[in-house]
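Encoded as structure tokens, the structure appears first; notes follow it.
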Amino acid sequence: MSIANSHKIDTSKLDEIINSYEGKKSNLIAILQKVQEVYRYLPEEAMIYIGTKMEGLSPATVFGVATFYAQFSLEPKGKYEIKVCDGTACHVRGSMPVLNAIKARLDLKDGQLTTEDGLFSLETVSCLGACGLAPVVVINGKVYPQMTSDAITIVLDTLLKEDK
């Protein structure tokens, strides 16, 4: 079973989220943020449900909003979201070897963003605004400065150990 199919959509939970924002279409972004918080991505079934349930919306509108904003993911994200900065300072100071070490340690193939077990997801970002700490990796909001291939492997091993 793939990760994408591992979530069953709980319509009562979706109703609860929609109702907490009074079902107003002006609150669509907040509603989608909350749904993504629950499922770690925006399942297609949830977007269709929201689009049919909320007055003045369609599934196409919901999908359009979800694909327009970079904060939303249509693919499942891991429990640990890893962001590797590849801005100029980070790139020059070795972010690519760090990225490659992460891919190797987590056995991520080219184009694969989330590990098979759904524990980790990986993305590169243009800038994290911490150029003086380059190269920088952020995991679930925690900044790891001046990363090296060896150091990130230790961080990942620690997270793997804690998760068992």
Answer yes or no as to whether V62 is at pLDDT 95 or above and in contact with a Cys (Cβ under 8 Å, 6 or more places away or on another chain).
no
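Considering only residues that are among the aromatic types (F, W, Y) and free of Cβ contacts under 8 Å to residues at least 40 places away in the same chain, look in segment 60-81 and name the one that is surrounded by the fewest Cβ atoms within 10 Å (Cβ to Cβ).
Start the filter on segment 60-81 by keeping residues that are among the aromatic types (F, W, Y), which leaves 63, 68-69, 72, 80.
Going one step further and asking which of them are free of Cβ contacts under 8 Å to residues at least 40 places away in the same chain, we end up with 63, 68.
Working: F63: 17, F68: 10.
The extreme case among them is F68.
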Do any residues in segment 149-164 that are small (G, A, S) have Cβ atoms under 7 Å from those of residues that are part of a helix (DSSP H, G or I), where the two are at least six apart or on different chains, and which pairs are they?
S149/P97; S149/V98; S149/A101
Candidates L57, L28, filtered to the one that is in contact (Cβ under 8 Å) with a residue 24 or more places away in the chain, surrounded by fewer than 19 Cβ atoms within 10 Å (Cβ to Cβ) and over 15 Å from I9 (Cα atoms):
L57
M147 vs (1) more than 18 Å from N100 (Cβ to Cβ); (2) touching a helix residue (DSSP H, G or I) at 6+ places or on another chain (Cβ under 6 Å): all pass except (1)
In segment 137-148, which residues are in contact (Cβ under 8 Å) with a residue 12 or more places away in the chain and out of contact with any strand residue (DSSP E or B) (no Cβ under 9 Å at 6 or more places or on another chain)?
Q146, T148
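Tell me yes or no: at least one residue of segment 7-27 is closer than 27 Å to C127 by Cα, of a type in the set (D, E, K, R), assigned to a helix (DSSP H, G or I) and out of contact with any helix residue (DSSP H, G or I) (no Cβ under 8 Å at 6 or more places or on another chain). Break it down stepwise before answering.
If we filter segment 7-27 for residues that are closer than 27 Å to C127 by Cα, which is where we start, we get none.
No, segment 7-27 has no match at all.
Looking at G56, G141, G118 in this structure, which one is at pLDDT below 95 and assigned by TED's automatic domain parsing to the domain that holds K13? Walk me through it before giving the result.
Working: G141 fails: assigned by TED's automatic domain parsing to the domain that holds K13; G118 fails: assigned by TED's automatic domain parsing to the domain that holds K13.
Every option except G56 fails the conditions.
Go over the candidates V84, V92 one by one and state the one that is in contact (Cβ under 8 Å) with a residue 24 or more places away in the chain, out of contact with any helix residue (DSSP H, G or I) (no Cβ under 6 Å at 6 or more places or on another chain) and either surrounded by 18 or more Cβ atoms within 10 Å (Cβ to Cβ) or assigned by TED's automatic domain parsing to the domain that holds S149 (or both).
Details: V84 fails: out of contact with any helix residue (DSSP H, G or I) (no Cβ under 6 Å at 6 or more places or on another chain).
Criteria check complete, one pass: V92.
The values are calculated or read from the model by the stated rules, or taken from the named source; none is laboratory data. Predicted, not measured: the structure shown is a model, and the values here were computed from it. Reconstructed Cβ throughout: ideal geometry from the backbone, glycine too, with neighbour counts over all protein chains shown.
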